[in-house]
1. Of the numbered conditions (1) over 17 Å from B:Ala65 (Cβ atoms); (2) modelled with pLDDT of 95 or more; (3) in contact with a strand residue (DSSP E or B) (Cβ under 9 Å, 6 or more places away or on another chain); (4) surrounded by fewer than 16 Cβ atoms within 10 Å (Cβ to Cβ), A:Ile42 satisfies every one except a single condition; which is it?
2. If we only count strands (runs of 3 or more DSSP E) wholly inside chain B, which ones have 2 or more residues that are out of contact with any Lys or Arg (no Cβ under 8 Å at 6 or more places or on another chain)?
3. Here is a check on your reading of the model: is A:Tyr19 crowded, with 19+ Cβ neighbours inside 10 Å, hydroxyl-bearing (Ser, Thr, Tyr) and either more than 28 Å from B:Arg12 (Cβ to Cβ) or at pLDDT 95 or above (or both)?
4. Of the residues that make up the stretch A:109-122, is at least one β-branched (Val, Ile, Thr), in contact with a Lys or Arg (Cβ under 8 Å, 6 or more places away or on another chain) and either modelled with pLDDT of 95 or more or more than 22 Å from A:Thr3 (Cβ to Cβ) (or both)?
5. Tell me whether the stretch A:17-28 contains one or more residues that are more than 10 Å from B:Ala65 (Cα to Cα) and over 14 Å from the mean Cα position of the chain (by Cα).
6. Would you check if A:Leu70 is part of a helix (DSSP H, G or I), farther than 17 Å from A:Val116 by Cβ and among the hydrophobic types (A, V, I, L, M, F, W, C)?
7. Any idea which residue in the stretch A:76-117 is nearest to the other protein chains (Cβ to nearest Cβ), counting only those that are in a helix (DSSP H, G or I) and among the small types (Gly, Ala, Ser)?
8. Based on this model, can you work out whether B:Lys40 counts as surrounded by 14 or more Cβ atoms within 10 Å (Cβ to Cβ) and out of contact with any strand residue (DSSP E or B) (no Cβ under 7 Å at 6 or more places or on another chain)?
Amino acid sequence: MATKKFMYLNRKASYGTAYAIESLEVVLIAAAFEQDVSLAFIDDGVYQIVEGQNTDGIGMKNFSKTYHALGDYDINKLYVSAESLEERGLTADDLMPLVYEDEDDDWEEKPSVKIVSNAELSKIMSDQDVCLSF
Amino acid sequence: MLHTVNKSSFERNSLQSCLNTIDDTSVILLIEDGVISAAKNANSPMLADIAAQGRVYALQGDVDARGISSKVADNIKLVDYAGFVDLVVEHGTAVSWV
């Protein structure tokens, strides 16, 4: 099967709506079909990968841990909008330390998250075959 | 009156509409994605003014779920569900800004 470049645009915070968890499920499906998958977190989507989420008080499943599994599915291109972070008073330190093991480099653990400007993100988007927005 | 806001102010104008019409005695409770506006850098000057008067609350469970507990503005008060009920009882008519 031909491999296509898929980008998933995440624009909503988790829990308030189902967009975040639905996106994550579709991302994992695409990975199962061994496609080239990348994720972008823009606008309130940046809250999806904020460290320290605790859902005990709202009776919903805390699916933030699932983002840690993405590396095992060869999903290691997670782009975060620098502008969206800044608008919300967030920095790279507020995000989960998501990593993957690089098979081409003796399985060295490397960061999956890359903070990019909207201009850089625009270039990355234009390089995709498919962009799906959530 | 009690005004609840459940949308992020980055995404919808629910909070702004609430702020535009609120009087001097009403209180605001931020819930669900509305708690995003409780974060220090994410709230409006107008919300900050009302918070300074002790009239802004945020639901603790929703704040914790989004991992922003350490970022909530100092004068925004956190309440649990029981506190939510107390606010409803105390302030009478509730308006949901959805």
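1. It is condition (4) that A:Ile42 fails.
2. B:2-5, B:27-30, B:77-79, B:94-97
3. In short, no.
4. No: zero hits.
5. yes
6. For A:Leu70, the condition - part of a helix (DSSP H, G or I), farther than 17 Å from A:Val116 by Cβ and among the hydrophobic types (A, V, I, L, M, F, W, C) - is met.
7. A:Ser84
8. Taking the combined requirement at face value, the residue satisfies it.
The values are calculated or read from the model by the stated rules, or taken from the named source; none is laboratory data. Everything quoted here is computed from the prediction, not taken from an experiment. Note that we place each Cβ from the backbone using ideal geometry, even for glycine, and neighbour counts take in every protein chain shown.
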